[in-house]
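*Asks:* One structure coming up, written as structure tokens, with questions to follow.
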Amino acid sequence: MKGQIIVTDREGKVHELEAEEGYVLMEIIRDAGLPIEAACGGCAACATCHVYVDQEWITSLNLIEDDEESMLDQTFFLKKNSRLSCQIEYKNNLNGIKLTLAPE
Ligand code: FES
């Protein structure tokens, strides 16, 4: 079953992207052509896939693991709802999740 993620870009434009289980959010955003660098390719080593997760969705997510946490700690523009989008696998329970790309 395909679903959707809703991503606000750095200009404030909202994009509805098709999402499928088995992909991480970073891949869905990147493959849709949005400007997310994802320099390390998804191994929690660069933080260029930093997003803010809409507050209402935070509790639906997998917990932050140590490597994600230490990378986020070094990130500029850190907020309480910051996550690395390469560390969140899309699951059907995330259908409709809202994210915002963090500043570069
Ligand atoms: S792509 Fe590098 S930390 Fe997510």
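FYI, it's all coordinate maths here, none of it is from the lab. Computed from a prediction, not measured in an experiment: that's the story for all the values here. Positions of Cβ are backbone-derived with ideal geometry, glycine not excepted, and every protein chain shown enters the neighbour counts.
*Asks:* Distance in nm between label sites at C43 and E18, each 7 Å beyond Cα in the beta-carbon direction?
*Replies:* 3.1
*Asks:* Using only the alpha-carbon atoms of the chain as identical scatterers, what base-10 log of I(q)/I(0) does the Debye formula give at q = 0.13 Å⁻¹?
*Replies:* One equal scatterer on each Cα of the chain leads to -0.38.
*Asks:* On the principal axes of its Cα set, how long, how wide and how thick is segment 17-68? Give whole Å, largest value first.
*Replies:* On the principal axes, segment 17-68 reaches 27, 26, 20 Å in Cα extent.
*Asks:* Let me ask something else about it. Please report the spacing between the Cα centers of segment 64-89 and segment 1-62 in Å, no decimals.
*Replies:* Using only Cα atoms to place each centre, the spacing works out to 13 Å.
*Asks:* Can you work out the Karplus-derived ³J(HN,Hα) for every residue in segment 52-60? Use 6.51 cos²θ - 1.76 cosθ + 1.60 with θ = phi - 60°, whole Hz, and x for glycine or proline.
*Replies:* In residue order, the calculated couplings are 9, 9, 3, 3, 5, 9, 3, 6, 7 Hz.
*Asks:* Still on this structure, I have one more. Which far-off residues, 5 or more places away or on another chain, put their amide H under 5 Å from the one on A19, with H placed in the peptide plane?
*Replies:* Sorted by chain and number, the residues that satisfy this are G3, Q4, I5.
*Asks:* Okay, next question. For segment 40-46, what does the Karplus curve 6.51 cos²θ - 1.76 cosθ + 1.60, with θ = phi - 60°, yield as ³J(HN,Hα) per residue in whole Hz, taken in order and with x for Gly and Pro?
*Replies:* Each residue's phi maps through the Karplus curve to give 8, x, x, 10, 6, 10, 9 Hz.
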